[in-house]
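Working notes, beginning with the structure itself.
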Amino acid sequence: MSKIHDVEVEIQNLREKLTELIMQKENLLDPQVIAASKMLDSILNEYSEIISDKVEK
């Protein structure tokens, strides 16, 4: 599999986990929700860098 595909799969998994946590906790300021959101932000940034590098080439 390609790096882009791997990251896309990870993004989808993290989105699902974040959505589940939000429904469970019902509080966007819960530390677990914030941690999951930061993880998703990080992988989205990585994805953006990969796409940018690919477009520049």
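Evaluated against (1) open to solvent by less than 90 Å² (accessible area, probe 1.4 Å); (2) modelled with pLDDT under 95; (3) not polar (S, T, N, Q), K3 falls short on exactly one condition, (1).
Can you say whether E16 is in contact with a helix residue (DSSP H, G or I) (Cβ under 6 Å, 6 or more places away or on another chain) and at pLDDT 95 or above, as far as the supplied structure shows? In short, no.
Residues in the stretch 11-50 that are of a type in the set (V, I, T) and open to solvent by 60 Å² or more (accessible area, probe 1.4 Å): 3 in all. Go through the stretch 1-39 residue by residue and tally those that are over 30 Å from D53 (Cα atoms), over 13 Å from the mean Cα position of the chain (by Cα) and not basic (K, R). Residues meeting the conditions: 12.
The values are calculated or read from the model by the stated rules, or taken from the named source; none is laboratory data. In this text, all values refer to a predicted model and were calculated from it rather than measured experimentally. Quick reminder, even Gly has a Cβ in these numbers, built from the backbone with ideal geometry, and neighbours come from all protein chains shown. Only protein heavy atoms, including side chains, enter the accessible area calculation; ligands, DNA and RNA are left aside. Shrake-Rupley method; radii C 1.70, N 1.55, O 1.52, S 1.80 Å.
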